1. Between a first residue in the stretch 33-60 that is basic (K, R) and a second residue that is open to solvent by less than 90 Å² (accessible area, probe 1.4 Å), which pairs have beta carbons less than 7 Å apart while being 6 or more apart in sequence or on different chains?
2. Select from the stretch 13-46 the residues that are touching a Gly at 6+ places or on another chain (Cβ under 7 Å) and among the small types (G, A, S) and list them in ascending order.
3. Of the conditions (1) out of contact with any Leu (no Cβ under 6 Å at 6 or more places or on another chain); (2) in a strand (DSSP E or B); (3) modelled with pLDDT of 90 or more, V51 clears all except one; give me its number.
4. Any chance you could count how many residues in the stretch 6-47 are assigned to a strand (DSSP E or B) and loosely packed, with under 11 Cβ neighbours inside 10 Å?
Amino acid sequence: MLRVGDIRSGGAVATYLIGADDLEPLVAVHSTCRAGNGWAELSLPQVTQLVEHLRGLLKQAGGDRGADDE
């Protein structure tokens, strides 16, 4: 499991890989905040699209320094 950001009273995000024999692996993303909880189970192609979208948002926000670092 990989937690993203600090856990605060305002919320947190956690991601983890779900895998089973003979099934395509999925990445689960869970987020919590004061407004509620959300979750998604994404296929690897969907994760790739999400990562590309997030990198684009970082560049728009001027935070592209290190965006290509893994």
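The values are calculated or read from the model by the stated rules, or taken from the named source; none is laboratory data. Treat the numbers as computed from the prediction; the structure is a model and nothing was measured. Cβ placement follows ideal geometry from the backbone for every residue including glycine, while neighbour counts extend to all protein chains displayed. Side chains are part of the model used for accessible areas, which takes the heavy atoms of the whole protein and leaves out ligands, DNA and RNA. Shrake-Rupley method; radii C 1.70, N 1.55, O 1.52, S 1.80 Å.
1. Filtered contacts from the stretch 33-60: R34/G10; R34/G11; R55/A67; K59/A67.
2. First, pick out the residues of the stretch 13-46 that are touching a Gly at 6+ places or on another chain (Cβ under 7 Å): 13, 25, 31-34.
Within the stretch 13-46, S31 is the sole residue that qualifies.
3. V51 satisfies every listed condition except (2).
4. Here is the first cut: in the stretch 6-47, the residues assigned to a strand (DSSP E or B) are 6-8, 11-18, 26-33, 36-43.
Narrowing further to those that are loosely packed, with under 11 Cβ neighbours inside 10 Å: 6, 8, 36-37, 39.
Residues in the stretch 6-47 being assigned to a strand (DSSP E or B) and loosely packed, with under 11 Cβ neighbours inside 10 Å: 5 in total.
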